[in-house]
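Have a look at the structure below before the remarks.
The values are calculated or read from the model by the stated rules, or taken from the named source; none is laboratory data. All values derive from a computational prediction rather than experimental measurement. Please note: Cβ atoms are built from the backbone with ideal geometry, for glycine as well, and neighbour counts cover all protein chains shown. Just the protein is used for accessible areas: all its heavy atoms, side chains included, with ligands, DNA and RNA removed. Shrake-Rupley method; radii C 1.70, N 1.55, O 1.52, S 1.80 Å.
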Amino acid sequence: MRAINHRSVKLGIATFVTVALFCISISHTVEAQNSTLFNPTDSFIISDQNSSIRFATNGSYSSATLQDGTWLFKDLTLYNSTRSNDLKISASNSNVLIYTYSASSPYSQFSRFAIIIFSVEGLGTQEFNLCLNNSQPTHPSEWGVVLPDGTFLAEGKNWQLSTDDTILISGLTGNVTLVHYGFDASEKGDLPFYEEHSVALVTLAVVAITIIISSIINYKVQRSQYGH
Amino acid sequence: MVTENSPTMVLSIYIIIVVLGIVLLLKFSRNKTRKISSLRFFIQIAAIFVIFMGLLIGPFNVPIFEPLGSSPRDRLVGADFLGDQLPDGIPIPILACYYPNGRTVTCPIWQLQAYIFPFWDYPRGYQVNYSTSGLEKIAAVIGLVVAAAIIFGRGFCGWLCPFGLYQDLLTRIRKSLRLRHFDFSEKTNIKLGQSRYIIIAVFILLSVIFGSYAIFGTELIPGTIPSGPEGTEAGIVSYINEPFCLVCPARPLCILVEVAIGALNWSYISQIAYGPFWIAGFYLTSINVTILIIVTILSLAYRRFWCRICPLGALTALFSSFSPFKHIALTRLEKDEKKCTKCGVCKRVCPTQATAMYEQKGGNVTESRCMLCARCVEICPYEGALKLTFAGKTLVKSRNWLDEK
């Protein structure tokens, strides 16, 4: 009887943990806005440059225009993304297949995250502009060009960042992830001293208060213990 | 696929934790010498949820990305409320990586290393912007660790640390197999305890060597200049920043938990299958995994093996178990010498083989090896001989459980 109870308790614990993990995995997908729909069979050709752009999933955009060998997709939303964003893309002597595109997180005032995962066929060049709408040009350290084995390529090795935040990729084939980790850097130079160093000052205050209060408490405890 | 968790889910998880806690308390509270352990076990499990799922503050109800090979943590809560002065979050002395919780809670060892190198004098971190110098950030981290250590001491290790829970679970597995544990000799145990300080000193020194260009203007190791073509995302900077994290045994477990809850992509685990031995993956290294395996085996044999050499435990002990901090620490293990019969049971049950509660005379018997787990308090059969106190108030004390019906 005791063994059965033991087992049932263990089973209960295991069930709760499983349910907990299951609950977290339950999710709902936010629907994309509708405009012009496309699917994986649609191809966006850049005939002058012997290249094409395709998407691996269904999706939509409000407009798609080809200008000077560059496709500009307005309000592009892929099936596997919740947010729409503009995308400028160009390629030469290569075919690009885009799997995922998501940009400009609205969830943080500091973080601006953008990612595009694609595969390249043909040893040509590709240009991506993720239309980040940053107030100032991005820095190369905010960008990562990642190969499937997790290797981050340094700028200068197969990719370059231009002043308009366009990434030029060359000589890569296969799956590639282009990711931007950014933020809107706030200007701190003009802030008063206590605001510019508020965390350090708060820490100093916390440590000082902790030491003072704990010293007083321990002094009182010792006094009461030894009856002084 | 982008997914979103609703507040209802958060509430349901809370309810599950409470129910789980009640089940555990009901189960274990029947055992006279396991009442505190059962409470501690519940708190340890609840801490896992709080730390990794961001139940208190965190990215729980914002979309979770699942792109291949990239982190989903696009919401940095730490950055939201700490701004860009300490955007990586508040340091809490528990071995849990900076990944969880949108960096509201961060491992202080990671922070100390990262702010020496590569972010000593570099304005950008992983997705965040730093407006203050490395020195100021380090000062804030040490200050907060000092405050935490004065308040709870190594209670963090005993009651909250996820890696401590992992070792406790290994102990439970060993016990269920009816295998006896091994003990180190007193001399070896003391040496292990001392090695913690050497370990943390070595890794901090390594960080200083890597950060030599930013700190002293001299590059002691080639490839350690952040930014530039071979800088931030290339070569040594990508791989050997934060050297302790490359060997930390808790890291694979943290990543495993986060992959399990969907906060990280599976590729973070699968990456260990390829790449050179010393890196084998972007975040996870073969060294991490190897050390985890070794620590797991040793923890099966020796209770809380890692805690005896843990550099983070050393850092906490430094600010709570030694003078002058020992005299103002708020959480203490206290002994009433008059009630102690020197039976030695407290010494035998201590998971880290601390001996002060046996050897020292009455008063504050907290020592650097003591994790304030209160195992000695619950096993001591003499009323009030040992007690765990906070700010002079008794939290738990030993009872004459032999005479209890």
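Quick notes on this one:
- Average accessible area per residue (Å²) across region B:132-228 - probe 1.4 Å, nucleic acids and ligands excluded: 48
- Vicinal HN-Hα couplings computed from phi for region A:41-56 (Karplus, 6.51 cos²θ - 1.76 cosθ + 1.60; Hz; Gly/Pro x): 7, 6, 10, 9, 7, 10, 5, 4, 10, 6, 8, 8, 10, 9, 10, 7
- Applying the Karplus relation 6.51 cos²θ - 1.76 cosθ + 1.60 with θ = phi - 60° to region B:365-380 yields 3J(HN,Hα) values of 10, 5, 10, 5, 7, 6, 9, 6, 6, 6, 5, 5, 5, 6, 8, 5 Hz, where x marks Gly and Pro.
- Amide H contacts under 5 Å for B:Lys32, placed H, 5+ residues apart: none
- Overall form of region B:161-218 per C-alpha gyration tensor (a/c, 1.5; a/b vs b/c): oblate
- Efficiency of FRET from Cβ geometry, A:Ser170 and A:Ile211, R₀ 60 Å, rounded to 0.05: 0.55
- Across B:Lys339/B:Lys397; B:Lys32/B:Lys387; B:Lys175/B:Lys393; B:Lys187/B:Lys361; B:Lys27/B:Lys347, pairs whose alpha-carbon gap is larger than 23 Å: B:Lys175/B:Lys393; B:Lys27/B:Lys347
- Net charge contributed by nearby residues that have their C-beta within less than 11 Å of B:Ala314 (K/R +1, D/E -1): +4
- For the chain pair A and B, buried accessible area totals roughly 5700 Å², probe 1.4 Å, rounded to the nearest 100.
- Occluded residues from region B:82-96, i.e. those whose accessible area drops by 10 Å² or more once the chain is not alone (1.4 Å probe): B:Leu82, B:Gly83, B:Asp84, B:Gln85, B:Leu86
- Among residues other than B:Asp168 with Cβ under 10 Å from its Cβ, the summed charge is +4 (Lys and Arg +1, Asp and Glu -1).
- Calculated FRET efficiency for the pair A:Phe193/B:Leu25, C-beta based, R₀ 41 Å, to 0.05: 0.20
- Here each label is just a point 7 Å from Cα along the line to Cβ, and for B:Arg348 and B:Ile15 those points are 4.6 nm apart.
- Computed lengthening from A:Thr15 to A:Leu204, 0.36 nm per intervening residue step minus Cα-Cα distance: 63.5 nm
- Within region B:309-388, the chymotrypsin sites (Phe, Trp or Tyr not before Pro) that combine a DSSP coil assignment with at most 14 other C-beta atoms in a 10 angstrom radius are B:Phe322.
- The local environment of B:Gly384, defined by Cβ-Cβ distances under 9 Å, has a net charge of +2 under the rule Lys, Arg +1 and Asp, Glu -1.
- Label-point separation in nm, B:Leu298 to A:Asp48, each point 7 Å along Cα→Cβ: 6.6
- Distance from the Cα centroid of region B:296-353 to that of region B:191-212 is 22 Å (rounded to whole angstrom).
- Two-site label geometry, B:Glu383 and A:Ala56: point separation in nm, points 7 Å out along Cα→Cβ: 7.1
- Within the full protein context, the accessible area of A:Glu195 is estimated at about 80 Å² for a probe radius of 1.4 Å.
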